[in-house]
Amino acid sequence: MPQNELPSSQRRTFLTVLLAGLGTALAAMAAWPLLRYLSPRDRGDADAKVTLARDKVPVGGAKFIDFRGRPAVVLQPKPGEFVALTAVCTHLGCIVKWVNAKQEFLCPCHGGRFSSSGQVLGGPPPKPLESFNVKLDGDKLVIG
Ligand code: FES
């Protein structure tokens, strides 16, 4: 055996340790997203309010916002009347789109449809879009 070669038992041990380390690293990489998905979100901001300039929400239109780290939408169906809803479809969690011409939400994933108040109009969604309180404070909307 040449002097710079390891005996086969040491080589086998080295490969076993190397493969075990690699396997552990791959398992951790695969498990991390699952653990993050399953762990409860930080609820420290659960009561946080979001403010939005009133003029950002057009009459008959929708303004998509980030609400407590999740997509939401604010509507003004009639002048001075505001509605805030989650933008997450209640079927499988896709983000709904506002169809201005029909004044309703359409989920691009499976065709779920919601009214401007979040009620299910058609498709597979099992329940309405969650709604949030909206208060008018001068020129600002306070959501939450
Ligand atoms: Fe919206 Fe399926 S996720 S209809």
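Where a number appears in this text, it was derived from the coordinates with a stated rule and is not lab data. Computed from a predicted structure; not experimentally measured. All Cβ positions, even for glycine, are placed from backbone atoms using ideal geometry, and neighbour counts span all protein chains on display.
Considering each residue of the stretch 137-144 in turn, at least one proves to be in contact with a helix residue (DSSP H, G or I) (Cβ under 6 Å, 6 or more places away or on another chain) and among the aliphatic types (A, V, I, L, M). Residues in the stretch 83-103 that are over 16 Å from the mean Cα position of the chain (by Cα) and surrounded by fewer than 18 Cβ atoms within 10 Å (Cβ to Cβ): 99, 100, 101, 102, 103. For the stretch 46-64, filtering for residues that are free of Cβ contacts under 8 Å to residues at least 40 places away in the same chain and in a loop (DSSP other than H, G, I, E, B) leaves 3.
The single condition from (1) out of contact with any Asp or Glu (no Cβ under 8 Å at 6 or more places or on another chain); (2) surrounded by 12 or more Cβ atoms within 10 Å (Cβ to Cβ); (3) within 24 Å of residue 47 (Cβ to Cβ) that residue 119 fails is (3).
Scan the stretch 107-136 for residues that are without any contact (Cβ under 8 Å) to a residue 12 or more places away in the chain and away from the ligand (no atom under 16 Å from the Cβ) and jot them down. Passing the criteria: only 135.
Residue-by-condition table, conditions (1) touching a Leu at 6+ places or on another chain (Cβ under 6 Å); (2) away from the ligand (no atom under 11 Å from the Cβ):
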{"site": "66", "(1), (2)": "no, yes"}
{"site": "76", "(1), (2)": "no, yes"}
{"site": "80", "(1), (2)": "no, yes"}
{"site": "83", "(1), (2)": "yes, yes"}
{"site": "89", "(1), (2)": "no, no"}
{"site": "93", "(1), (2)": "no, no"}
{"site": "99", "(1), (2)": "yes, yes"}
{"site": "102", "(1), (2)": "no, yes"}
{"site": "105", "(1), (2)": "no, no"}
